[in-house]
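I have placed the structure first, in the form of structure tokens, so that the comments after it can refer back to it.
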There are 2 protein chains.
Amino acid sequence: MRDLREIIHPRSVAVVGASKTPGKIGYAVLENIISSGFPGEVYPVNPKEREIMGKKCYPTVGDVGKPVDVAVLCVPAQACLPVAEDCGKAGIHHLVVITAGFKETGKEGRELENQLVSIVRRYDMRMVGPNCLGVMDTSTPINATFSKNFPLKGHIAFISQSGALCIAILDWSLKRGLGFSQFISMGNKGDLNEADYIEMAADDPETKVIALYLEDIADGQRFIESARKASLKKPIVVLKVGVSASGAKAASSHTGALAGSDTAYDAALAHAGVLRASTMTELFDMAVAFTNQPIPRGKRIAIVTNSGGPGVVATDAVELCGLEMARFSAETESVLRENLPAMANIHNPVDVIGDAHYDRYEMALDTVLKDPGVDGVSVLLAPTAVLEVGKVAEVVVDMGRKYPDKPLVAAFTGGAAVEEAVKYLAKHGVPTYDFPEPAVATLRGMVRYADLRRSLTDGEPWLFGDVDRKKVEDIFRRVREDGRDLLLGPEACEVAEAYGIPAAPSRLAKTSDEAVRFARELGYPVVMKIASPDILHKTDVGGVRVGIKSGDEVAKAFDEIVSNSRKAEPKARIYGVEIQKMMPSGHEIIIGMTKDPTFGPLVAFGSGGILVNLLKDAAFRLARGLTRAEVDSMIRETKAYTILKGFRGAPPDDLEAVALAIGRTAQLVRDFDQIVEMDINPVFAYPKGLSALDVKIRIA
Amino acid sequence: MRDLREIIHPRSVAVVGASKTPGKIGYAVLENIISSGFPGEVYPVNPKEREIMGKKCYPTVGDVGKPVDVAVLCVPAQACLPVAEDCGKAGIHHLVVITAGFKETGKEGRELENQLVSIVRRYDMRMVGPNCLGVMDTSTPINATFSKNFPLKGHIAFISQSGALCIAILDWSLKRGLGFSQFISMGNKGDLNEADYIEMAADDPETKVIALYLEDIADGQRFIESARKASLKKPIVVLKVGVSASGAKAASSHTGALAGSDTAYDAALAHAGVLRASTMTELFDMAVAFTNQPIPRGKRIAIVTNSGGPGVVATDAVELCGLEMARFSAETESVLRENLPAMANIHNPVDVIGDAHYDRYEMALDTVLKDPGVDGVSVLLAPTAVLEVGKVAEVVVDMGRKYPDKPLVAAFTGGAAVEEAVKYLAKHGVPTYDFPEPAVATLRGMVRYADLRRSLTDGEPWLFGDVDRKKVEDIFRRVREDGRDLLLGPEACEVAEAYGIPAAPSRLAKTSDEAVRFARELGYPVVMKIASPDILHKTDVGGVRVGIKSGDEVAKAFDEIVSNSRKAEPKARIYGVEIQKMMPSGHEIIIGMTKDPTFGPLVAFGSGGILVNLLKDAAFRLARGLTRAEVDSMIRETKAYTILKGFRGAPPDDLEAVALAIGRTAQLVRDFDQIVEMDINPVFAYPKGLSALDVKIRIA
């Protein structure tokens, strides 16, 4: 295995395609590596030159004759293949392929990229790109890109799938004073992808937070593993775009229809302990906050202001975003009462009022930060004529140091009057905004991240040993042998039962006599449904009868159901009639699975029955790695939970049974990759136990 | 009536409490009026001085001896009363009372303010404040405040309920280059309030958009009238804070429980044609956009970018916020195809790709702006090495001029590389942001405003002439004479019927014999319910029977219901048993009313039955001024509509009947102010007609 740290901390770099001509990429890259102060060896490679920028130029990498950690390729796409070969033969460890003209251009480019990747693999090299800006590291330092701008030194590793965005963000960051440890343009991710870069950044001592701009994820499972491990060391924030791009997919299952195009990413990022930013502003706001501020222990926020209006604005923001306004201890309120004028507000939001000097801020901040009922503080300021704004900034920074376990964010509203103070705050790591709302939004993101991080250690995957895997294998084999992909009702119920999910007893009757016998065995009343993999809407064809109470009725219903179905769908394969015991009515829920191409099976839980599509009340989690805690949290976030826990005086339903059924469904779909679709809808939940009424399973 | 324009365009101003001492408010105000370049007469008033800042100082306003339009009061609170008297006697038209120490300080201050207001009224003066920063106008110009900062000239009238916020915003606006026509601090709104200031700003030729920061609204009805009129002339944007402050209210009705603490403000602002901003940033972003950009005709957005990443970010933002990505005409795509390289994206978002010079932007913008399927454009830019960023800015401004009916917003991501271009765009009125999301948010706000403005001319209030007002009056009188505030079921049904809302036939039986007779008259089956204003949960006490099919059953049920109820609630007044015809089952909806202290009755429509509190699916509108179009829109925004319009193949319900029932309920609660609470829940909606099953009316 190559040591990936060499990519950003190389001892020696070759620039293949180095050029003497300003404006050429090969010129810019070489110039940038040298001017960034890179302390290692730099070898220009170009058969047409003898010397570039005072450095000896080599015809090929093979001619360098000394160890080279990284070769940066700035040659045309076609030339990349022989150059990569040369690099491999010369024992070079890593390639950074800046060259474009690969996968992004279509079929031929894709083929070229595949060839490039296979050369890389053959020589046990690793590759950044192709089609990228390159990589930068501010501690090495090295600017192995064609961007003239080099970031300020800092602690954010920024990893981007868009090169143009890198250029824009870089320029923007310099103006804003934002610093980075690494700045990586992933390009086409031919070899190395986000999972690798996350691992690199997780191990980098200069990096305190990892920020990613992603358009897709190359390998879902690996991403989750890498991100979960990295998240335990430092926060990861992701802006995943293309939310709308995947668009509406054709979903034939209920669960599939409930899942939005972005549900899998939401579930996967949360499971990986990754905070998902919803805007570019939020991505960097959160990165800055995590770089400098502690993770809050809870969501109880205190606000200190010298103006009522912004105090109300902030209070609104706190309550609307799901944080809580801290309730102060009696001691806190008594200290505030003693030290503030009568007109001040000693409750949260604390208003030190318009005639306050900086010392009131100092006292108020010290007092509320000391309160054990406060998890984080937002300090707001309007630049009144009497207030020493700069001193308030100093006080804020001092208080941050005095209470290093509570995050502190600021909103200083103003222009010239607050400019210096805002710079001082930024320099000392206090996230500062023009207005109260983004300050509160940053606290909310930090609290959300704290919850995510806690969930990483919330327990092991929930596994069940008492399942009958063999039985399910047999059923699936029989179904496939029968040339079907859809299980008949009784088969699907058997599968559920084999995994410990209680299903309503159900038999497949091939004849009227069998139907009568099964009904007697199951006990009346029974439900009868046509058993055919070709009839999806059984009720519509007259293929369903409910509440049947005697053998005579069963016999009559059997004939009618079969003849109705034959008439409606003459070509349908009819396997007989399903006889199901009619279960007492319970609260209707749905448990199901839909499959994501990147992250595999997702389990769903929500309100069931005919209202599934109307309410769209469903929570999703990845089936892989699903923990008991995740199952509990997915139940709690649905409206179905409101009903199950006892709605309007009704007794609560058996939530333990519901959780078990979800956990067992997850195990079933993990164990059998061939399940492509699964709905249990409805499940009747009872005060004691539950019953799966209708189980639909489709296999590949 | 005083001419309110004099307040911001006075010919002469007296400063009462003018001072020679820097640091005093009376010094600052006088100094600011003079230094702002106010062209009219300024009269310092202070009995202790002969001359201030080179101007003759008068002992009292009465001594000025010349007409004075506005007196600015900077004297202590107690002194304000005699000074106001003096002003009144001297024939001064308007007071601007900067002095604090009134209503905001508690009971005594409130009393003082009441006295001040009565003096103002007695002399037919009008008053800004008390407890305010004062007023500014940049065209007069005049700075009649104690803020040294004076805004840049511009076209936004900013009206604020928070003085400290004024100071902060002013300072901030100078740095950002934001201009204002007026800047008004309302203070305690003792006399003039937001409705007056909106009228003033609506008539001000320099003002193109009115932006308000509000903590409450003094007079709901007047605000709506003023705002509706003003909205036809220019956009109004409001940040209403204190969303969380009103907190949870105790609501005994279903409709009341459905209404959030802020529902009335949402409904009222929408009805008034006012765009509600959700953050301070949004307030000013929208104000800037309306100042310079046309109102879009629709919601189809085109995006032009030179980088894929930001294009995807913007596309996500467009689709997630309810706008639409424009679909280009064949002609547009053909022009783009001809003029862009093969790698470019000619569909929306148009990607002119990374090697683009400014001319590609010019061609692409010209082409998409010309497309009749495009209502607004967002142009995105990443500062590549080859792009002439400044020229792109010029192109954007030119295109804005060429297509003056389509709004154009920009996101130029970068720092130094885009700085000049961003300034150029801002100077020429193109809203420009660091990132794509806020650019799209601005377009969304403009589209929302366009909808609001259209709704202002959507029709007259929906009135019904065929109602029996007299009958309702009689019923209410009888109920009050009976010492009740809650109507019995049959009474409430009668009220509904009197207003043309079909209710299930229902009678009050005082005896078992009556019950049998009524049941026979109504026709079986019937529902029987205990009739008592003291028993709210009738089912719980055994006070309800359904599906009763014969006279014997009725007689038996009557006795049981009465005896169950007596046993459960020995003190309850029992009026007999309600006999109601059992209606065929329909889709359950709720129609109701809840009352807001500021805006009066709100009508509600939503999903009904027992799931009301679970789904919380309800739309609200002001009952006053309710139009047919508003009724239609409130129906359409609920989940109930999904069901009513024909869910999963079911026939549609009678939406006309539903609309009529809502309109008639609105008329009922408008006609009878004494109705404090009203629920019709459930209403059964049928493919033809509907039936109100349970009508609950409480009167004052």
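The values are calculated or read from the model by the stated rules, or taken from the named source; none is laboratory data. Note that the structure is predicted; figures quoted are calculated from it, not measured. Here the Cβ is made from the backbone with ideal geometry for all residues, glycine too, and neighbour counts use every protein chain on show. Side chains included, ligands, DNA and RNA excluded: accessible areas come from the protein's heavy atoms. Shrake-Rupley method; radii C 1.70, N 1.55, O 1.52, S 1.80 Å.
Could you tell me the calculated FRET efficiency between A:Thr598 and A:Lys471, based on Cβ-Cβ distance and R0 = 30 angstrom, to the nearest 0.05?
After rounding, the FRET efficiency stands at 0.45.
If you roll a 1.4 Å probe over the heavy atoms of the protein chains, what accessible area per residue do you get for segment A:1-133, in Å²?
Ligands and nucleic acids excluded, the result is 46 Å² per residue.
Given chain B, what percent of its DSSP beta bridges are antiparallel, to the nearest 5?
In chain B, DSSP labels about 50 percent of beta bridges as antiparallel.
Pairs on different chains or at least eight residues apart, Cα atoms closer than 16 Å: how many lysine pairs in segment A:469-581 fit?
So the count works out to 10.
In Å, what Rg and Dmax follow from the Cα atoms of segment B:92-157?
Calculated on Cα positions, Rg and Dmax stand at 14.1, 40 Å.
Which FRET efficiency value, to the nearest 0.05, is calculated for B:Leu320 and A:Lys148 with the Förster distance at 51 angstrom and r the Cβ-Cβ distance?
Once rounded, the FRET efficiency stands at 0.90.
For B:Gly373, place a label point 7 Å from Cα along the Cα-to-Cβ direction in every copy; what are the distances to the other copies, in nm, shortest first?
Copy-to-copy label distances for B:Gly373: 5.9 nm.
Rounded to the nearest whole Å³, what is the per residue volume of the convex hull around the Cα atoms of segment B:49-174?
With only Cα atoms used, segment B:49-174 gives 122 Å³ per residue.
Could you tell me which of the pairs A:Lys153/A:Lys391; A:Lys240/A:Lys427; A:Lys56/A:Lys89 are separated by over 25 angstrom between their Cα atoms in the structure shown?
Result: A:Lys153/A:Lys391; A:Lys240/A:Lys427 exceed 25 Å.
Quick one: compute the contact order of segment B:1-133, relative version, from alpha carbon pairs under 8 angstrom and 6+ residues apart, as a percent.
Relative contact order here is 23 percent.
Taking the mean number of other Cβ atoms within 10 Å as a proxy for protection, how do you rank B:52-63, B:261-272, B:660-671 from highest to lowest?
B:660-671, B:261-272, B:52-63
Using a 1.4 Å probe on protein heavy atoms, which residues of segment B:584-615 have at least 20 Å² less accessible area in the complex than alone?
The answer is B:Ile610, B:Leu611, B:Asn613, B:Leu614, B:Leu615.
Determine which residues of segment A:47-74 fall in the zone a paramagnetic label at A:Ser35 would reach in this model, i.e. backbone nitrogen under 18 Å from the point 7 Å along Cα→Cβ.
Hits in segment A:47-74 for A:Ser35 at 18 Å: A:52-55.
Using only Cα atoms, locate the centre of segment B:193-237 and the centre of segment A:71-89, then give the distance between them in Å, rounded to an integer.
What the calculation gives is 67 Å, centre to centre.
If you take the accessible area of A alone plus B alone and subtract the pair, what total do you get in square angstrom, rounded to 100, with a 1.4 Å probe?
Rounded to the nearest hundred, the buried surface is 4500 Å².
Above 55 angstrom, tally the Cα pairs of the protein assembly as shown and express them as a % of all pairs, no decimals.
The proportion of pairs with Cα distances above 55 Å equals 35 percent.
Just counting partner chain Cβ atoms within 10 Å, what average do the residues of peptide B:171-180 show around their Cβ? Please list the in-between numbers first.
Numbers: counts 10, 11, 2, 4, 7, 2, 1, 1, 0, 0.
Mean partner-chain Cβ count within 10 Å for B:171-180: 4.
What's the minimum Cβ distance from chain B to the axis relating it to A, in whole Å, and which residue gives it?
Here the value is B:Leu615, 4.
Defining a contact as two alpha carbons under 8 Å apart and six or more residues distant in sequence, what relative contact order in percent does segment A:587-699 show?
Numbers: 233 pairs, mean separation 34.8, N = 113.
With pairs under 8 Å counted, the relative contact order is 31 percent.
Averaged across B:304-314, how many Cβ atoms of other chains sit within 10 Å of each residue's Cβ atom?
6
For label points placed 7 Å from Cα toward Cβ, what is the shortest-first list of nm distances from B:Asp552 to its copies?
In nanometres, ordered from closest: 2.6.
Could you work out how far apart the two model spin labels at A:Thr642 and A:Leu463 are, taking each label as a point 7 Å from the Cα in the direction of the beta carbon, and quote it in nm?
3.9 nm
Run through all the Cα pairs of segment B:587-699 and give the fraction in each 10 Å bin from 0, expressed as whole percent.
Going out from 0 Å in 10 Å bins, segment B:587-699 shows 15, 51, 29, 4, 0 percent.
Treating cross-link reach as a plain straight distance, find the aspartates and glutamates whose alpha-carbon is under 15 Å from the alpha-carbon of B:Lys402, omitting any fewer than eight places away in the same chain.
The reachable aspartates and glutamates, counting only those whose Cα sits under 15 Å from B:Lys402, are B:Glu362, B:Asp366, B:Asp371, B:Asp375, B:Glu394.
Please list, ordered by chain and number, the residues whose modelled amide H lies under 5 Å from the amide H of A:Val676; skip anything fewer than 5 residues away on the same chain.
Counting only residues 5 or more places away or on other chains, the set is A:Arg698, A:Ile699, A:Ala700.
Go through A:15-24, A:432-441 and give me the packing order, highest mean Cβ count within 10 Å leading.
Highest to lowest by the protection proxy: A:432-441, A:15-24.
Do you know the relative contact order of chain B, to the nearest whole percent, from alpha carbon pairs under 8 angstrom that are 6+ apart?
Contact order relative to length: 9 percent.
For segment A:398-415, list whatever residues lose no less than 30 Å² of accessible surface once every protein chain is in place, relative to that chain by itself, with the probe at 1.4 Å.
Buried-area filter returns A:Thr413, A:Gly414, A:Gly415.
Looking only at other chains, what is the average number of their beta-carbon atoms within 10 angstrom of each beta-carbon in B:143-154?
Average neighbour count from other chains, rounded to a whole number: 1.
Carbon-plus-sulfur fraction of the accessible area of segment B:5-110, 1.4 Å probe, in percent?
51 percent
Could you look at segment B:295-455 and say what percent of its accessible area is carbon and sulfur, using a 1.4 Å probe and all protein chains? All intermediate terms of the calculation are to be shown ahead of the outcome.
Values: 3130 of 6140 Å².
After summing per-atom areas, the C and S share lands at 51 percent.
What value, in deg cm²/dmol to 500, does the helix sum -39500 (n - 2.57) over DSSP H runs of n ≥ 4 give at 222 nm once divided by the residues of the protein assembly as shown?
-12500 deg cm²/dmol
Residues of segment A:324-367 that become at least 40 Å² less accessible with every protein chain present than in their own chain isolated, using 1.4 Å: which are they?
When all protein chains are present, A:Met343 each give up 40 Å² or more of accessible surface.
Which FRET efficiency value, to the nearest 0.05, do you get for A:Arg520 and A:Ala700 by plugging their Cβ-Cβ distance into 1/(1 + (r/R0)^6) with R0 = 35 Å?
Working from the Cβ atoms, E equals 0.40.
Within straight cross-link reach of A:Lys688, meaning Cα distance under 18 Å, which aspartates and glutamates are found once same-chain residues fewer than 8 apart are removed?
A:Glu497, A:Glu588, A:Asp632, A:Asp653, A:Asp654, A:Glu656
Compute the orientation-averaged projected area for chain A from the convex hull of its Cα atoms and round it to one decimal in nm².
Here the figure is 37.4 nm², rounded to one decimal.
With viscosity set to 1.002 mPa s at 20 °C, what whole-number translational diffusion coefficient in µm²/s follows for segment A:469-581 from Stokes-Einstein and a Kirkwood radius over Cα pairs?
In µm²/s, the coefficient rounds to 150.
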